[in-house]
Amino acid sequence: MSPELQRARSRQMIIFLLICVLMFALLGRLYYWQVIRGPQLAKWANDEHIQNQVVDAPRGVIYDSLGVVLATNVVRDDVYVEPIQFTSDYTDAEKAQVELQSIVTKLHKALPDLTAEQLTKFFSSGRATVRIASLISPEQSQQLRASRIPYTFLEPRTIRVYPSGTLAAQILGYVQPDKGGLYGIEGSYNKLLAGTAGSFTAETDLNGNPLTVGSSSTQPVIDGANVTLSIDSTIQYLAQQALEERVQQTEALGGTATVIDVRTGAIVAMAGAPSFDPNVYSKYYDKRGCLDSLSVYFNPVLMCTYEPGSTMKGITLAAALDQGVVTPNTTINDPGVISFPDAVAVANWEYQAHGTESMTQILDYSANVGAAKVAHDFLTAKRYYPYLERFGFGQRTNVGGIEASGGYRTPTSQGWTPSDLTRQAFGQSITATPLQVVLAYASIANQGTMMRPYLVQQVDNNGKVTKTSPQVLRRVISQKAAQQLIQMLTSAADYNKQVVVPGYSIAAKSGTATTQGVSDDLTEASIAGFLPASNPRYAILVTLDHPRSTIYGGTAAAPLWNKIAEQVMWHYHVPSDRPVK
């Protein structure tokens, strides 16, 4: 083969090899873009003309027992301006100044809280959009729309509102954007109230408008459930107002007021002080209640445990009467102070001696010695502690929302001594929530039968309605023992003449609790009771945290109890059972 031909063939081979290399490189790139990157590119291409929009579900409405709206949703507008667009449209400084002055004047007229200087500064921010006002009133929105101010636009936003402000705030909780319901019913029923968001997917043109001939799909919205509470707004309002007024009068740090229907377990009112306004919840982030131990967002009726004091004497005597170890007329000797061989001494207030003292008089005199003697000598630990459990102490009620359980030591607890037993008999060495205490008294009022307490009366989940029916939890004491104790508590109320509602008999017990290691004048003042005593309808508990002007349950808490009880009787037209003197 001639050299020329050999060189020609070499060139051909080189060219062929170069073409093969290029073909393999091209095939490699094709494989990369089509196979490896293909799905991602297809997704990007699809996203260019497919719009997927989330459609928020309307949150359910919360009502009181009579249909009054406690929490609902409204649409309010945010106001935005477009500084960059304005600057690009007005390159002439003189014309820009004239137009800006006109815009600022119109905006200030609709939004008087913003000064002309502030509005002018917004337009010099150099940003595409700036929000200049949030959640303006409907009247302001209407005025801005009518004004047609250039370089300004409104963006609607759905917000949660509470039409009655602070009313039942600690029962309701609040809704925080992007986090949903927090605290109270808003928190515990958040999933039901929130519903399920839907979606809309459609092919769009270059401007983002849905194509009528393009494919589309819709995931329907599931609206949030509507929740109806057992709360009566009228009684709730009266209880809150009376509580706040009494807290101020007694210079207390806080307090609670609870009203419960003894026959059904329905919670009619549940008030706490201090409280907050859920419409502006962020203003209260540093406010605390429960003797400065918890945020005001928590419901103190469910969360603030306290030593019940002498209101526990009613529970001690309930246990003794039910087991037949005493009768209302059983007597003991009360020297004013008593020593036990295995427990520390117990004394009455100011060491008052009452001599021969019946079980009824233990409540009349609020005798610590008598209560301790009944628990230690008549009941003993074996017969006493099962009744604390029966009455629900140390147990959550699961009524809705975050809840404390309280507690007490028993013979199986580490560190228990008989001194715990004698002190628990008159309400020390035991903690309880206000709801637990009022529920115990409601059980006595209901002839010894405890009803399951409830706060949610009905849930309407898009037509599927679930109603709460009154439910018996358990029999706590016999009907006979309950009737005996009702008469004894009525005697105590009549004897002390501190809880008085003209025309009605009352069964009640005051409590003035002090805590070991804390000054004796820092008390928990309370009244627990029910009325009418002859045919009980409503149980009421009020508590005051560390009142200063007067520190006793009978003087600090009684006026508050009387005011709420009187309003409850009037509001529900409960027939009187005593002549009005």
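The values are calculated or read from the model by the stated rules, or taken from the named source; none is laboratory data. Note that the coordinates shown come from a computational prediction; the quantities given were computed from them, not determined experimentally. Glycine gets a Cβ as well: all are built from the backbone with ideal geometry, and neighbour counts include every protein chain shown. With ligands, DNA and RNA removed, areas are computed over all heavy atoms of the protein, side chains included. Shrake-Rupley method; radii C 1.70, N 1.55, O 1.52, S 1.80 Å.
Observations, loosely collected:
- Criterion (more than 26 Å from THR410 (Cα to Cα) and not hydrophobic (A, V, I, L, M, F, W, C)) met by exactly one of GLY324, GLY370, GLY355: GLY355
- The condition (being assigned by the TED database to the domain that holds TYR441 and under 29 Å from the mean Cα position of the chain (by Cα)) is satisfied by just one residue among ASN299, ASN329: ASN299.
- Note on segment 449-536: enclosed strands (runs of 3 or more DSSP E) holding 3 or more residues that are open to solvent by less than 30 Å² (accessible area, probe 1.4 Å) and in contact (Cβ under 8 Å) with a residue 60 or more places away in the chain are 507-513, 524-531.
- Those residues of segment 360-383 which are crowded, with 24+ Cβ neighbours inside 10 Å and part of a helix (DSSP H, G or I), in sequence order: ILE362, LEU363, ASN368, VAL369, GLY370, ALA371, ALA372, VAL374, ALA375
- Matching entry among SER147, SER125, SER134 (being of a type outside the set (A, V, I, L, M, F, W, C), touching a Lys or Arg at 6+ places or on another chain (Cβ under 6 Å) and over 29 Å from THR234 (Cα atoms)): SER147
- Remark: pairs (first residue in segment 547-566, under 19 Å from LEU253 (Cβ atoms) and part of a loop (DSSP other than H, G, I, E, B); second residue hydroxyl-bearing (Ser, Thr, Tyr) and open to solvent by less than 10 Å² (accessible area, probe 1.4 Å); Cβ separation under 8 Å; 6+ apart in sequence or on different chains) = PRO547/THR250; PRO547/THR523; ARG548/THR250; SER549/THR250; THR550/THR250; ILE551/THR523; TYR552/THR523.
- Every residue from segment 555-581 that is touching a Pro at 6+ places or on another chain (Cβ under 6 Å) and either aromatic (Phe, Trp, Tyr) or surrounded by fewer than 21 Cβ atoms within 10 Å (Cβ to Cβ) (or both): ASP577, VAL580
- Among residues of segment 206-262 being within 23 Å of ALA71 (Cβ to Cβ) and at pLDDT below 95, the one that is least open to solvent (accessible area, probe 1.4 Å) is GLY224.
- Strands (runs of 3 or more DSSP E) wholly inside segment 215-262 that include at least 3 residues being at negative phi, free of Cβ contacts under 8 Å to residues at least 40 places away in the same chain and not aromatic (Phe, Trp, Tyr): 216-219
- Qualifying residue in segment 385-397 (condition: free of Cβ contacts under 8 Å to residues at least 40 places away in the same chain and farther than 24 Å from LEU302 by Cα): no
- Of all residues making up segment 315-330, the number that are buried (at least 16 other Cβ atoms within 10 Å of the Cβ) and over 18 Å from PHE391 (Cβ atoms): 2
- Residue in segment 175-199 that is nearest to GLN140 (Cα to Cα), counting only those that are within 8 Å of the chain's Cα centre (by Cα) and open to solvent by less than 40 Å² (accessible area, probe 1.4 Å): GLU186
- Residues in segment 115-150 that are touching a Phe, Trp or Tyr at 6+ places or on another chain (Cβ under 9 Å) and more than 16 Å from ASP77 (Cα to Cα): PHE123, PRO150.
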